[in-house]
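The values are calculated or read from the model by the stated rules, or taken from the named source; none is laboratory data. This one's a predicted model, so the numbers in the text were calculated from it and none came from an experiment. No Cβ is skipped: glycine too gets one built from the backbone with ideal geometry, and neighbour counts run over all protein chains shown.
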Amino acid sequence: MSLTLRPMEPRDVPEVAAIDRLCFTTPWPAAAFRSELKRERATYLVLVNRDETASGLCGQDKEGWFRRMWSAPRTSRVIGYVGFRLENGPGHITTIALLPEARGRGLGESLLVVALERMARSGVHTVTLEMRPSNQVAYRLYRKYGFQVVRYRPDYYRDGEDAWVMAVTIGDHAYQRHLRRLRQAVGESFSFECDEVGQITGDAL
């Protein structure tokens, strides 16, 4: 599977919003993504399958996938995305999601690595995010990358669930060594490269 990681564009919003609806019980509306694309010091990246269709990812479930992605074009190729902001000092991961059929290949973790690396190169010292306490898969991933719960936000989500605010310090040499080790470990299951242009190529196992 050959992939490209590139900046999100307005034309990507319908596909991104459709994936968001698949992944979250309180998804962002399309207008929220369009607004974020206009925000200064915000970066949104989409992971795109370079094949003409998503058939390489979906296998036998291709038609079922298209039914769930009813609002996206039938030649949809966006399979994941990540967003982060640089907010006068700390960085903040706003969202990260992956098409359910593309999970279990190291791709979501790769998106997190790319976001952390780019924020580190921008001089960010601390990164924060919010997450649902009920999302233990995400919690284990963030803990793996050094995030710790620093405070709670009651009734943060529209359905009434609280949020955990997590933070990690990425600006020291010890963390940079830790991040390089984790990036190498991700490469054992998914070999990927990301240059300044944002090209990711490799084989997901």
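Which residue, of ARG105, ARG151, ARG118, is of a type in the set (Lys, Arg), within 25 Å of ARG39 (Cβ to Cβ) and not in a helix (DSSP H, G or I)?
Working: ARG105 fails: within 25 Å of ARG39 (Cβ to Cβ); ARG118 fails: not in a helix (DSSP H, G or I).
Going through ARG105, ARG151, ARG118 in turn, the sole match is ARG151.
Hey, among the residues in the range 106-128 that are surrounded by fewer than 20 Cβ atoms within 10 Å (Cβ to Cβ) and among the polar types (S, T, N, Q), which one's nearest to the chain's Cα centre (by Cα)?
Per the criteria, the residue is THR128.
Which one is farthest from VAL124 (Cα to Cα), of the residues in the range 16-71 that are modelled with pLDDT of 95 or more and of a type in the set (Asp, Glu)?
Filtering first and then ranking leaves ASP20.
Has the range 127-142 got at least one residue that is of a type outside the set (Gly, Ala, Ser), outside any loop (DSSP other than H, G, I, E, B) and farther than 19 Å from ALA97 by Cα?
No; the residues of the range 127-142 include none that is of a type outside the set (Gly, Ala, Ser), outside any loop (DSSP other than H, G, I, E, B) and farther than 19 Å from ALA97 by Cα.
Residues being within 24 Å of PRO14 (Cβ to Cβ), outside any helix (DSSP H, G or I) and among the small types (Gly, Ala, Ser): count how many of those fall in the range 78-102.
Keep residues of the range 78-102 that are within 24 Å of PRO14 (Cβ to Cβ), which gives 78-85, 93-102.
From the residues that got through so far, the ones that are outside any helix (DSSP H, G or I) too are 78-85, 93-99.
Still in the running and among the small types (Gly, Ala, Ser): 80, 83, 97.
Final tally of qualifying residues: 3.
Among the residues of the range 148-169, count how many are surrounded by 14 or more Cβ atoms within 10 Å (Cβ to Cβ) and either at pLDDT below 95 or farther than 17 Å from ARG118 by Cα (or both).
Within the range 148-169, residues that are surrounded by 14 or more Cβ atoms within 10 Å (Cβ to Cβ) and either at pLDDT below 95 or farther than 17 Å from ARG118 by Cα (or both) number 9.
In the set GLY89, GLY106, which member is at pLDDT below 90 and under 19 Å from TYR175 (Cβ atoms)?
GLY89
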